[in-house]
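The values are calculated or read from the model by the stated rules, or taken from the named source; none is laboratory data. Since the model is a prediction, treat every value here as computed from it, not as a measurement. Reconstructed Cβ throughout: ideal geometry from the backbone, glycine too, with neighbour counts over all protein chains shown. Quick note on the areas: whole protein, heavy atoms, side chains included, nothing else; ligands and nucleic acids left out. Shrake-Rupley method; radii C 1.70, N 1.55, O 1.52, S 1.80 Å.
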Amino acid sequence: MTMGKLIDGTAFAARLRGQVAEKVTDFVASQGRKPGLAVVLVGEDPASSVYVRSKGKMTVAVGMESLEYKRPADISQDELLALIDDLNKNDAVDGILVQLPLPKHLDENAVIAAIDPAKDVDGFHVVNSGRLAVGLPALVPCTPLGCLMLLKDELGDLSGMEAVVIGRSNIVGKPMAALLLAESCTVTIAHSRTRDLASVVHRADIVVAAVGRPEMVKGEWIKPGATVIDVGINRVPGDEEGKSRLVGDVATAECLGHVRAITPVPGGVGPMTIAVLLRNTLVAAHMRAGLPAPEGL
Ligand code: NAD
């Protein structure tokens with residue numbers, strides 16, 4: 001049995017960050033300031049704190065300004081909206097990212113709606129999801145855009161391919177389906193109510209799994225030669241007692257004998273998200289400065 005290829009998301013993301021860093025140098029030379037990314041962290045969720053720290057480091061590494069706003073878990077809705085309003089008005093800020101999830105007493109939709117769509121580098125504002133849906137230039141959610149970059153790098157033109165996206169969240173599944181449709185794929189969105197998921201997945205040339213269920217997609221579901229993008233990040237008990245490990249939504253080892261290519265977890269989609277966030281911040285900075293979109297990104 002021939003084995004499929006493991007797609008190296010870590011290497012791709014490093015290349016993308018390198019390209020962003022080069023264009024940041026040009027931006028600084030022409031504008032006399034660095035692009036700025038503001039990250040708002042409410043509360044002290046350990047996973048979110050780690051993620052925000054790593055975003056900050058990578059933002060600085062590509063030559064951008066990183067602004068962090070840490071607020072206590074009991075911040076009121078009005079105080080948070082006032083902070084977003086300040087950031088909207090702050091000319092040094094090109095991108096605003098509010099780390100999700102927010103504590104339960106805060107209205108996530110209202111907070112996202114308060115972000116200036118031109119600074120919405122997460123691409124979650126309805127103006128940006130609407131623009132994506134109707135095919136206008138938009139800031140697009142980072143994880144699905146990263147998945148699309150990996151797919152185009154592996155497959156080239158995606159036109160006419162059969163794509164199945166498993167999961168219909170606003171963060172991953174829905175924007176992923178919109179991006180694949182824009183590439184002229186025939187797109188199916190599968191979800192928790194889908195009947196006979198195995199046979200739906202078996203039609204696909206491209207499978208994107210964004211569910212949050214460890215190794216749910218089995219090797220025998222995969223059409224021979226398909227390309228599989230595994231977005232899931234699930235922590236499961238490790239071999240050693242007390243240790244855990246990360247697995248995706250796809251049974252990777254089983255699938256390797258069936259696929260053309262597949263993203264591993266970790267080291268596949270994960271590293272792409274922050275790299276695309278930096279790319280989106282650069283795109284937002286260009287748009288706000290009235291410059292054409294940065295080429296090749
Ligand atoms: P979500 O919980 O918002 O959505 C999960 C989706 O899966 C839902 O639409 C649901 O209908 C579907 N689903 C649930 N059970 C199913 C089943 N049995 N069969 C088919 N579909 C089913 O999750 P999300 O925010 O879209 O994230 C999905 C996964 O991707 C999670 O593991 C998350 O940690 C991961 N994720 C990774 C990154 C990254 O940077 N790599 C970014 C975002 C999310």
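Side notes on the structure shown:
- Out of 261, 178, 198, sole residue that is in contact (Cβ under 8 Å) with a residue 24 or more places away in the chain, within 15 Å of the ligand (Cβ to nearest atom) and touching a helix residue (DSSP H, G or I) at 6+ places or on another chain (Cβ under 6 Å): 178
- Qualifying position, being more than 23 Å from residue 113 (Cβ to Cβ), within 18 Å of the chain's Cα centre (by Cα), not in a loop (DSSP other than H, G, I, E, B) and not basic (Lys, Arg), among 29, 14: 14
- Qualifying residues in the stretch 201-244 (those that are among the charged types (D, E, K, R) and within 14 Å of the ligand (Cβ to nearest atom)) - the one nearest to residue 6 (Cα to Cα): 230
Okay, residues lined up against (1) open to solvent by 10 Å² or more (accessible area, probe 1.4 Å); (2) within 15 Å of the chain's Cα centre (by Cα):
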{"position": "169", "(1), (2)": "yes, yes"}
{"position": "186", "(1), (2)": "yes, no"}
{"position": "189", "(1), (2)": "yes, no"}
{"position": "208", "(1), (2)": "no, yes"}
{"position": "249", "(1), (2)": "no, no"}
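- Qualifying residue in the stretch 214-227 (condition: within 23 Å of residue 158 (Cα to Cα), open to solvent by 10 Å² or more (accessible area, probe 1.4 Å), part of a loop (DSSP other than H, G, I, E, B) and in contact with a helix residue (DSSP H, G or I) (Cβ under 7 Å, 6 or more places away or on another chain)): yes
- The listed residue being more than 16 Å from the ligand (Cβ to nearest atom) and open to solvent by less than 30 Å² (accessible area, probe 1.4 Å), out of 120, 153: 120
- On inspection, residue 173 fails the criterion of being crowded, with 21+ Cβ neighbours inside 10 Å, on the phi > 0 side of the Ramachandran plot and under 21 Å from the mean Cα position of the chain (by Cα).
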